[in-house]
């Protein structure tokens, strides 16, 4: 069992918590500068964690890291038995970019009356009759992303990958809620290169 530095408690995992946090952002497609801003750390710190992760995992590039499908040992998904159900479910989420997340959160909540689920940094989520609306602050994009709910995201990822789907990122945790439940996603392209995604929520505990 490795120790995470002098005087720190032992950890039984491939990566440190800080490295895992950075790796999840890399697998979600963020740049080092975006990760530094999101985590409120220096750019050099992010580069250090990325380099450490690549070395520990024996990976040669950031592209390989995006496709690495490892799961941190303290994850609820790691503790759950595989379901092996690869059937795509209903569309669980649709994404839209907005120029100002704070103003948009108010507008979608108060003008449209959509139930606000949660906000995390420059991302806000609303319920649209069971389908989740995801608002991301940034430059407008021409395509919406369709997120398909699946019971077992790793099994679905393997099945679609074996069928020739072009994945740009492996399944990765994007958020852990206060109750311990986790949000997981993996992104792939359709034949025209347009983005699609798998999404799953794993119960905590």
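Using only DSSP helix segments of four residues or longer, with each worth -39500 (n - 2.57), what per-residue ellipticity at 222 nm results for the chain after dividing by its residue count and rounding to 500?
Result for the chain, helices only: -8000 deg cm²/dmol.
Across the alpha-carbon atoms of region 8-74, the computed radius of gyration and Dmax are 11.4, 32 angstrom. For the chain, relative contact order (Cα pairs under 8 Å, six or more residues apart, normalised by length) works out to 19 percent.
Each principal axis of region 40-143 carries a Cα extent, and these read 50, 39, 28 Å when sorted largest first. What label, among [x] 17.6, 53; [y] 15.3, 45; [z] 21.6, 82, belongs to Rg and Dmax of the Cα atoms in Å computed from the structure on display? Here Rg and Dmax of the Cα atoms in Å agrees with entry [x]. The residues 157, 116, when put in order of fewest to most other Cβ atoms within 10 Å, stand as 116, 157. The Rg/Rh ratio for region 106-205 is 0.99, where Rg is the radius of gyration of the alpha carbons and Rh is the Kirkwood radius. Extension gain, residue 162 to residue 73, is 29.5 nm, computed as 0.36 nm per intervening residue step minus the present C-alpha separation.
Entry note, region 8-74: relative contact order of 42 percent, from Cα contacts under 8 Å with a spacing of 6+ residues.
Taking other Cβ atoms within 10 Å as a rough exposure proxy, 28, 172 sort from fewest to most as 28, 172.
Values in this text are rule-based calculations from the coordinates and carry no lab data. Just so you know, these numbers come straight off a predicted model, no measurement behind them. Counting neighbours? That spans all protein chains shown, and the Cβs are built from the backbone with ideal geometry, glycine included.
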